[in-house]
Amino acid sequence: MKRKVIQLAGKTHVLSLPYKWVRKYNIKKGEELDMLEDGQKIIISTSSLQQLKKKDIDAKKLKIILARLIGAVYKAGFDEIEVRYENAEQYSSIKKCLDRTCIGMEIVEHGNNRVLIKNISLPQADQFDNVLRRLFLSLLAMADDGLDAATKKNEDALQELILRDDAINKYSDFCRRILNTKGTDSTMRAAPLYYIVEQLERIGDTYRDIALLLQEEFVVFSKPVNAWYQSVNTYLRSFYLLYYSFDLEKVERLGEQYLALEKSFDKVLKQATKKESIFVFYLKKILEDVWDMNGALLTAKL
């Protein structure tokens with residue numbers, strides 16, 4: 001989209017705002033807008049609220065995808081969702097999804113196999129950085145505590161880790177909702193940030209799956225497997241530090257770390273017992289998921 005600059009009174013330069021944007025956010029004459037200078041770019045934003053986004057869902061024939069559908073509508077940024085369902089099992093699925101992942105969404109009306117869900121806490125762009133950091137720190141704690149629980153054969157800690165994955169899902173869904181509705185108040189691009197958030201959730205799911213496997217049949221890790229587990233956790237922490245202290249030389253070192261760990265994978269797998277091998281593959285998946293975020297990080301930060 002291009003706009004022509006209009007010059008007034010010699011020194012004043014004026015640029016018109018797109019009509020659709022003005023109408024969407026109900027911009028009035030005399031209203032103050034926020035402006036951020038970013039090199040060759042000027043970013044204009046408003047704190048005005050746009051019209052509520054509403055969605056009507058007929059879920060009577062849905063079972064397997066119902067919870068995922070509610071989560072998707074939440075992440076897409078809808079503020080009011082009416083769901084028609086058929087039985088108590090479907091209602092339970094809707095309620096669990098709201099409780100586990102949808103921050104700020106509550107059932108405000110309920111009756112006749114119908115629920116009305118409303119957003120009672122509007123997300124703001126300036127919340128993104130705080131919630132993302134919380135997501136990172138929760139994931140790092142989950143990684144370290146998982147290894148500690150495995151080493152000490154602590155079954156209660158493993159159960160707690162499985163439950164803590166709900167918090168990671170909740171933070172990641174909230175971040176994606178903000179990116180879809182408000183963007184971010186920093187100059188970083190929303191699309192690569194969205195990918196990073198999704199990857200962090202996937203990594204959390206894999207750590208949860210490791211805990212679930214240990215619950216089913218506990219395996220005492222040998223020294224090589226234990227050390228590789230620690231190395232993968234350290235690699236995740238290296239990405240976290242890089243995200244908040246970005247530097248191209250650090251990205252290069254992250255690549256060197258990845259190649260070294262990938263090279264050691266076959267050796268560790270050969271040393272692992274049959275029962276340990278599945279855990280080694282899970283850790284390899286975490287390693288690859290972390291490394292795959294480097295392209296999105298470069299795109300977001302450069």
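Coordinate-derived values only; no laboratory data. Fair warning: this is a prediction, and the values are worked out from it, not measured in the lab. Methodologically, a virtual Cβ is constructed for each residue, glycine included, from the backbone with ideal geometry; neighbour enumeration extends over all protein chains shown.
Work through the residues other than Asn87 whose Cβ is under 15 Å from its Cβ and net out their charges, Lys, Arg +1 and Asp, Glu -1.
Overall, the nearby charge balance is +4.
In a shell of Cβ-Cβ distance under 11 Å around Asp145, excluding Asp145 itself, what net charge do Lys and Arg (+1) and Asp and Glu (-1) give?
It works out to a net charge of -1.
Cα convex hull of segment 151-287: mean projected area in nm², to one decimal?
It is 9.1 nm².
Restricting to Cα atoms and excluding each atom paired with itself, what does the Kirkwood estimate give for the chain in Å?
Taking the inverse mean of 1/r over all distinct Cα pairs, the chain comes out at 22.2 Å.
What does DSSP give for segment 54-119 in terms of the percent of beta bridges that are antiparallel, rounded to the nearest 5?
65 percent
In nm, what is the difference between 0.36 nm times the number of residues separating Ile42 and Glu160 and their Cα-Cα distance?
Between Ile42 and Glu160, full extension yields 37.8 nm more.
Which loop GluC sites (Glu not before Pro) in segment 198-256, with loop taken from DSSP, have no more than 14 other Cβ atoms within 10 angstrom of their Cβ?
Sites meeting the loop and neighbour criteria: Glu217.
For the chain, which longest stretch is free of loop sites, where a loop site is one of the trypsin sites (Lys or Arg not before Pro) that DSSP puts outside H, G, I, E and B and that has at most 10 other Cβ atoms within 10 Å?
In the chain, the maximal stretch lacking such sites is 62-302.
When only Cα pairs under 8 Å and 6 or more residues apart are kept, what is the percent relative contact order across segment 54-119?
Reported as a whole number, the value is 36 percent.
Could you tell me how many degrees, from 0 to 90 and to the nearest 10, lie between the Cα long axis of helix 274-291 and the main elongation axis, the longest principal axis, of the Cα atoms of the chain?
30 degrees
Within straight cross-link reach of Lys182, meaning Cα distance under 15 Å, which aspartates and glutamates are found once same-chain residues fewer than 8 apart are removed?
The qualifying aspartates and glutamates are Asp34, Asp79, Asp126, Asp129, Asp173.
Based on alpha-carbon atoms only, what is the radius of gyration of segment 54-119 relative to the globular estimate 2.2 N^0.38 Å?
Normalised Rg, Cα atoms only: 0.95.
Using just the helices of the chain, give the 222 nm mean residue ellipticity in deg cm²/dmol: DSSP H runs with n ≥ 4 each add -39,500 (n - 2.57), and the total is spread over all residues, rounded to 500.
-20500 deg cm²/dmol
Which is the longest stretch in the chain that no exposed loop site breaks, taking sites as chymotrypsin sites (Phe, Trp or Tyr not before Pro) with a DSSP loop state and at most 15 other Cβ atoms within 10 Å?
1-217
Quick one: net charge around Trp228, please, counting Lys, Arg +1 and Asp, Glu -1 for every other residue with C-beta under 11 Å from its C-beta.
Local charge sum for Trp228: +2.
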